[in-house]
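Throughout, read-outs are computed from the coordinates displayed, never taken from laboratory work. Given the structure is predicted, the values throughout are model-derived calculations rather than measurements. Here the Cβ positions follow ideal geometry from the backbone for every residue, glycine too, while neighbour counts run over all protein chains shown.
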Amino acid sequence: MTRDNDRQMKAIILYDSRSSGGSTDRLIDSIGQQLAENGAYVEKARCKANADYSFIREFDVVIMGAPVYYMVVSSQLLGALLQSNLKRYLRHKNIALFLTCGSPEAMAQSVYMPQLKIHLMRNRILSEKIIAPHQIDDEDVIYDFVEEIEEGYRKSFKPRGGDLQWSDEALELIESAPPFFSDKIKAALVAYAEENGIRYITPEVLDDARASPKGM
Ligand SMILES: Cc1cc2nc3c(=O)[nH]c(=O)nc-3n(C[C@H](O)[C@H](O)[C@H](O)COP(=O)(O)O)c2cc1C
């Protein structure tokens, strides 16, 4: 049961690279380490164009990125966005983007980053970074990226009445019911949250409330 919005952030790093132990591998290890040191739960997964991405439901934040080869973002990540169910499971997720590439930042922002962002028009992008190979070991670059992700994540908790906060997923579930019912569900959840000292309502809280002896 989630009692407040200080709960541990769960982040998944989805990445691709043609190389093993190259700059992208080193970068994601540094990002993961920094996030973990700050208290987050972090996993990483190398993208495959046709994989099943339903597992990202478990995560609050999806950090995605890859190198650029011959002016195109590495193919398994682009392929996953084009062909798999990744985009569907990214809906309502907090996202952070990175690219590793050798081009000047302005070019990378205008030519490479849009190759990812065109698929993410409706997503909340917490942070995006272009990282050159010589910056991979720069602690300040990693620190800034992680800090922006954490700050954006904290801001994604939207206060809606008192200090009670609702995740987008919970609101979407509630608002998919006819207005009469969704108002009743909301009222019941507010009461349940107050009784149980909960300040952040997620789909799990909805399930807990339904399963509670009083129900909803
Ligand atoms: C074959 C190849 C092609 C590349 N093409 C580009 C490119 O078109 N634009 C660019 O900015 N960087 C390019 N780069 C630089 C890579 O994006 C950069 O070195 C990246 O950090 C490599 O990541 P990796 O070590 O995980 O493979 C290329 C590198 C290689 C090896």
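The table for this structure:
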read-out	value
MRE, 222 nm, helices only [DSSP H, n ≥ 4, -39500 (n - 2.57), over the chain, to nearest 500]	-12000 deg cm²/dmol
The chain: relative contact order in percent, alpha carbon pairs under 8 Å with at least 6 residues between	21
Sorted by Cβ neighbour density within 10 Å, fewest at the top, the residues 64, 107	107, 64
Cα principal axis extents for region 26-121, largest first, Å	34, 30, 21
Order by protection proxy (mean Cβ within 10 Å, highest first), peptides 177-183, 140-146	140-146, 177-183
Vicinal HN-Hα couplings computed from phi for region 65-71 (Karplus, 6.51 cos²θ - 1.76 cosθ + 1.60; Hz; Gly/Pro x)	x, 6, x, 9, 10, 6, 6
Order of 59, 98 under a 10 Å beta carbon neighbour criterion, fewest first	59, 98
Region 77-132 and region 14-56: distance between their alpha carbon centers, rounded to Å	14
Among the listed pairs 48/87; 117/155; 155/186, those beyond 19 Å (Cα-Cα)	117/155; 155/186
Relative contact order of region 159-211, defined on C-alpha pairs under 8 angstrom at six or more residues apart (%)	48
Ranked by how many other beta carbons lie within 10 Å on average, peptides 114-125, 31-42, 86-97 from highest	86-97, 31-42, 114-125
